[in-house]
Structure formats: structure tokens, C-alpha cells
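Below you'll find the structure I mean.
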Amino acid sequence: MVSRVEHPAGGYKKIFETCEELAEPIPAQVTGRIPPWLRGSLLRLGPGLFEVGDEPFYHLFDGQALMHKFDFKNGQVTYYRKFVKTDAYVRAMTEKRVVITEFGTAAYPDPCKNIFSRFFSYFQGIEVTDNCLVNVYPIGEDFYACTETNYITKINPDNLETLKKVDLCNYLTVNGVTAHPHIEKDGTVYNIGNCFGKNFTLAYNIIKIPPTQADKSDPIEKSEVMVQIPSSERFKPSYVHSFGITDNYFILVETPVKINLLKFLSAWSIRGSNYMDCFESNETMGTWFHLATRSPAQYENHKFRAAAINLFHHINCYEDQGFIVVDLCAWKGFEFVYNYLYLANLRENWDEVKKAAMMAPQPEVRRYVLPMDVHREEQGKNLISLPYTTATAVMRSDGTIWLEPEVLFSGPRQAFEFPQINYRKFSGKNYTYAYGLGLNHFIPDRICKLNVKTKETWVWQEPDSYPSEPLFIQTPGGEHEDDGVLLTIVVNPGAGQRPGYLLILNAKDLTEIARAEVEVIIPVTFHGMYKP
């Protein structure tokens, strides 16, 4: 799975450049044959505006949200894209400057205002961004674009029009939620966000949004907090990007990458501060694994501990013979990986990109196993008896259970990230295959498949080609776990006439089935969904 391709021409820089939205869908040039059962839309989100006037955005997660759509109909494909008309975007376009502070870019007061109004504007509180550039998911019969704040944005998936902004704080006790909810087959949505509890104690709330209501009311109005998980530090929640779920459990992995809330609350009174300025690492904490049962919903106070990692994406979790298997895309150590995702770093020449990546945490695909039946008298011995893993869990004298992982994949500066599985059939179940975007020194340059049981790998890769997260779509009536296709958006900046395309791969062996090429460059996208 390790990439052997170099990128001295620097074509990857094109995926970090501003593009224009389209006035109408454009037809794609199809080579190969689109599967006739593929009738629907691929929806993707990512940054599309990297500067406003003369003011640049500095971090990968700052560019303004652009929604992309590939439509499939009768073997033909069209492509369309439109900026999400968030408050952050509309105000930036109106005032021709960065108005709302983003992840790594600070907003400044209007320079045309007098000195007194500029001064007081520093002390008017935090204006949280609604720049929903990370993911899109369904709630009931509606679709919402999201980032990681308390704001989600309802969009029309047919014409990509922005419909309304929703503040989840109006319905739930959360300060924000992840962009990676879990969605049950009946449409129930589970997510997690941090919150202040009694006496300003910090916790993480697992929330539930019910499926489509019989009375056609908005499911968000019936949202509820299922269970609360305590934080390891009172004023410093860990950065949580995703969480795990099985038939009977929720799994939260609390890493040493912390948000200093006191710094966050005061940051907006300091000229030039942004979200990234509020992150810090607890070098002594390591990693904590938390469990909560689903029914009844309650916290399990087991003290699972492991060495320090960064974690953004869970692959899958499942229960087996009294154990919980947790597969993760991990990064070794406590230094925040997002420190390396400033646009200036990603736009460097290839040798400089590689040099910076050599200092960053090392990525690995890891499997941790948590025993559900824990007895204190079993100190010093491995509590894991599953025959197919080398992961261990050992009870220490202080009552903590120390976890050591099995490494499923590791390559020097080669990440298997943005993971996908056959989610509809195998989320929370014992599974075999994971699909991912291969990052070569942080540059996305291949599509990967990993057999988590045998560690066998498959790769799709072409020179000067930069794909996105692969989405798995199962073949109707498919019997095997990998009966289906992968959809990914690829940019080939050197192609000239049609540099962007949708690629359809056979999920079994990553051979190409078809591609649909368009005459535009497509910037980087993070996550998305297939809407049948």
C-alpha cells in the first residue's frame, strides 16, 4: 500500500486553489460503462474559496464551503457545484474581507470603523463560524452540511441551494458536535459533542436525533442527550472528531490533544487569535478509552488507558466473545497533526512537503481490544483471548487497564485515512474490508483497500493524480461484503482539457470500471455521501 510515486511537479497545489461555482450542471465525458443501477447523486464538501480579496485563509479547514454534486442518470453523468451560503460566506462576499474567525484564520474588525468601535468590537464575545465545509448527512428527510461547531446548514440536494442555518444549542446541551454522526438503518442519528455540566464540570454528551416523524415534524426538535461521559480535565476537553458505536456500546477515545477553554473564551479579545491558538497537548495524559452502554444508556467506569495518539477517524468497532474491537486511523504521539495542515505547508514544493512531514506524527492503522468483563484480581496478565489479534489489555495495580494495539498497517509517512466500510451492512459488526484515501506525506495520491483480518492491501494510483475519500456503494443484491463500487473525485492537473473526474472502481480489486471527466479543476474535498 505504500506509495512509490513522487510529485516533483507539484500538481497537488491545484487542489488548494480557489475555484468558481457553476451556473448550471455540466456534462461529463464518460469512458468505460457506468453501472446501470447507479442512479443518484454523489455529494461532497470541501473548501472552494481560499482568499477573500487580498485576505488569505491560512489553514486547510478555513476555506469557504463548496458543495459538489455528480449526478448519475441513464449511464450519463453531470457535475455541479455551488458555495454554501453561510453567514461566514455571505458576509465575506459583502464586505470583501474575512469577517468571521475560522479554524486557523483570525477575522479583524472593519478597518473603516473608527478606533472606538474597533476597540469595543474585540470584546463583544465569540462569533462562532458556520462554515460547513466538512461533511453532509441526512436528518429525517432533510440534508445538512456541517463543520464541528453548533451550526449545521440545511441544503437542497437537488439544486444545492442553501435553505437555513440551524443552531443545535437551541435543542441540545452541546457546544458543538462532530461532523461524523452514526446513522442507523431507520434514520436515527447519533453524535457526540462537549458541554458544560453542573458547577462548570466538562463532559461529552452522546446525542440522539430520531428518524422521520409520523407527524412530519422536524426530528431535530425531538433531539435528546442519551448519556454523558466525563472529561479527563475540567476546562480542557479533548478534540473529538469521531466516535465508535456497536450494537450495545458507544466508544469515545479521549486523546491528549486538548482545547484550552479558558484560552478559547478569552481568545477573541486578543487581536489575531483563532481556534488553532486554543489547542495544546497534555504530554503526560496518554489516551483514554471510554465506554457507555446504549440500553440502558449509562457510563461504564472502566479505566482503559493507552499511549498517546492523535485520532480523527474511527474505521469500525464491533463486539466479539466478550470483547470490543476498535479499529482506528491513529497518529503516534501527542503533537497535534493539524499543525502540519496550514496551506503554506501544503503548497510547498515537494521536497519541502516531505521535509515537514518527517517531523510530524507517524500514521498507523491500529486495532485496540477492550475486555468487557474486567476483574481486579487478574492483574498482570493479558485479558484478551481473541485468537485473531495480537492486541493486549493488562490490568495494572492502580486499577487501570493498559491497552497495546495490533498494527494493521504502517508505512513511513504513508497514512491510510478518511476510512470507509460497507457501512450499511457492517457498521458495528465483525467486518473484513476497509477502504481509504492514501496520504503520501499529507498529499492524497492513492486509493487503498485493506483486509483487516489478513492485512492484505490493494492500491489504485496514477501519476500526478489526487483523489478524495472513496465512498463504498454496494451492488444491489450483492452477497459479499465487497460486492460494490468505490466513488472518488480525482484531479489530474496536468491533463489539460479535462483535469477533473469522477472515478468508479471495482471494490473487490480496485480496477477501474469507468470515469466521468469534466473540464474544470476540482479542489480538495473532505467527506460526503451517496444519495440514491
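The values are calculated or read from the model by the stated rules, or taken from the named source; none is laboratory data. Owing to the predicted nature of the structure, the values given are computational and were not obtained by experimental measurement. Neighbour counts are summed over all protein chains in view; Cβ atoms, including those assigned to glycine, are modelled from backbone coordinates with ideal geometry. These area figures cover heavy atoms from the full protein model, side chains too; ligands, DNA and RNA do not enter into them. Shrake-Rupley method; radii C 1.70, N 1.55, O 1.52, S 1.80 Å.
Would you confirm whether any residue within region 465-485 is more than 16 Å from Pro523 (Cα to Cα), of a type in the set (Gly, Ala, Ser) and touching a residue at least 12 places away in the same chain (Cβ under 8 Å)?
Yes; the residues of region 465-485 include at least one that is more than 16 Å from Pro523 (Cα to Cα), of a type in the set (Gly, Ala, Ser) and touching a residue at least 12 places away in the same chain (Cβ under 8 Å).
Additional query: Evaluate the following for Glu221: is it part of a loop (DSSP other than H, G, I, E, B) and of a type in the set (Asp, Glu)?
Against the criterion (part of a loop (DSSP other than H, G, I, E, B) and of a type in the set (Asp, Glu)), Glu221 does not qualify.
Filter region 511-529 for residues that are within 16 Å of Gly500 (Cβ to Cβ), part of a strand (DSSP E or B) and of a type in the set (Val, Ile, Thr) and give the result.
Val518
Answer with yes or no whether Tyr431 is among the aromatic types (Phe, Trp, Tyr), part of a loop (DSSP other than H, G, I, E, B) and modelled with pLDDT of 95 or more.
yes
Okay, next question. Is it fair to say Gly40 is in contact with a Pro (Cβ under 9 Å, 6 or more places away or on another chain), surrounded by fewer than 17 Cβ atoms within 10 Å (Cβ to Cβ) and within 19 Å of Phe143 (Cβ to Cβ)?
yes
Out of Glu404, Glu377, Glu352, Glu319, which single residue is on the phi < 0 side of the Ramachandran plot and modelled with pLDDT under 95?
Only one candidate qualifies: Glu377.
Within the group Lys425, Lys455, which residue is open to solvent by 10 Å² or more (accessible area, probe 1.4 Å) and over 21 Å from His527 (Cβ atoms)?
Lys455
Condition test on Lys381, is it charged (D, E, K, R) and surrounded by 13 or more Cβ atoms within 10 Å (Cβ to Cβ)? Write out each step before concluding.
Numbers: charged (D, E, K, R): yes; surrounded by 13 or more Cβ atoms within 10 Å (Cβ to Cβ): no.
For Lys381, the condition - charged (D, E, K, R) and surrounded by 13 or more Cβ atoms within 10 Å (Cβ to Cβ) - is not met.
On to the next question. Which one of the conditions (1) in a strand (DSSP E or B); (2) open to solvent by 20 Å² or more (accessible area, probe 1.4 Å); (3) of a type outside the set (A, V, I, L, M, F, W, C); (4) within 23 Å of Tyr368 (Cβ to Cβ) does Lys208 fail to meet, given that it meets all the rest?
The one condition Lys208 does not meet is (4).
Additional query: Select from region 480-510 the residues that are in a loop (DSSP other than H, G, I, E, B) and at pLDDT below 95 and write down the one among them that is nearest to Arg347 (Cα to Cα).
Gly496
As an exercise: evaluate Met226 against (1) in a strand (DSSP E or B); (2) under 26 Å from Arg367 (Cα atoms) and give the number of the one condition it does not meet.
Only one criterion in (1) in a strand (DSSP E or B); (2) under 26 Å from Arg367 (Cα atoms) is unmet by Met226, namely (2).
Tell me which residues, restricted to region 1-28, are out of contact with any helix residue (DSSP H, G or I) (no Cβ under 7 Å at 6 or more places or on another chain), outside any loop (DSSP other than H, G, I, E, B) and either among the basic types (Lys, Arg) or open to solvent by less than 90 Å² (accessible area, probe 1.4 Å) (or both).
Listed by number, the residues that qualify are Tyr12, Lys13, Ile15, Ile26.
Residues are listed down the side, and each one gets a yes or a no for (1) more than 20 Å from the chain's Cα centre (by Cα); (2) surrounded by 20 or more Cβ atoms within 10 Å (Cβ to Cβ):
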residue	(1), (2)
Met276	no, yes
Phe279	no, no
Asn282	yes, no
Met285	yes, no
Arg294	yes, no
Leu311	no, yes
Asn339	no, no
Pro371	yes, yes
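Going residue by residue through region 51-62, is there one that turns out to be open to solvent by 30 Å² or more (accessible area, probe 1.4 Å), at pLDDT below 95 and part of a loop (DSSP other than H, G, I, E, B)?
Within region 51-62, one or more residues are open to solvent by 30 Å² or more (accessible area, probe 1.4 Å), at pLDDT below 95 and part of a loop (DSSP other than H, G, I, E, B).
Considering every residue within region 453-461, establish whether at least one is at pLDDT below 95 and not in a strand (DSSP E or B).
no
Being in contact with a strand residue (DSSP E or B) (Cβ under 6 Å, 6 or more places away or on another chain), of a type in the set (S, T, N, Q), in contact (Cβ under 8 Å) with a residue 24 or more places away in the chain and surrounded by fewer than 20 Cβ atoms within 10 Å (Cβ to Cβ) is true for just one of Thr173, Thr153, Thr201. Which residue is that? Give the steps one after another, and end with the answer.
Working: Thr153 fails: surrounded by fewer than 20 Cβ atoms within 10 Å (Cβ to Cβ); Thr201 fails: in contact with a strand residue (DSSP E or B) (Cβ under 6 Å, 6 or more places away or on another chain).
The conditions single out Thr173.
Yes/no per residue for (1) open to solvent by less than 10 Å² (accessible area, probe 1.4 Å); (2) more than 22 Å from Val136 (Cβ to Cβ):
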| residue | (1), (2) |
| --- | --- |
| Phe472 | no, no |
| Val491 | yes, no |
| Tyr501 | yes, no |
| Lys508 | no, yes |
| Thr511 | no, yes |
| Glu517 | no, yes |
| Pro532 | no, no |
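From the list Arg271, Arg234, which one is open to solvent by 40 Å² or more (accessible area, probe 1.4 Å), modelled with pLDDT under 95 and under 29 Å from Pro405 (Cβ atoms)?
Just a single option satisfies the conditions, and that option is Arg234.
Looking only at region 397-413, decide whether some residue is crowded, with 21+ Cβ neighbours inside 10 Å, among the hydroxyl-bearing types (Ser, Thr, Tyr), touching a strand residue (DSSP E or B) at 6+ places or on another chain (Cβ under 6 Å) and part of a strand (DSSP E or B).
no
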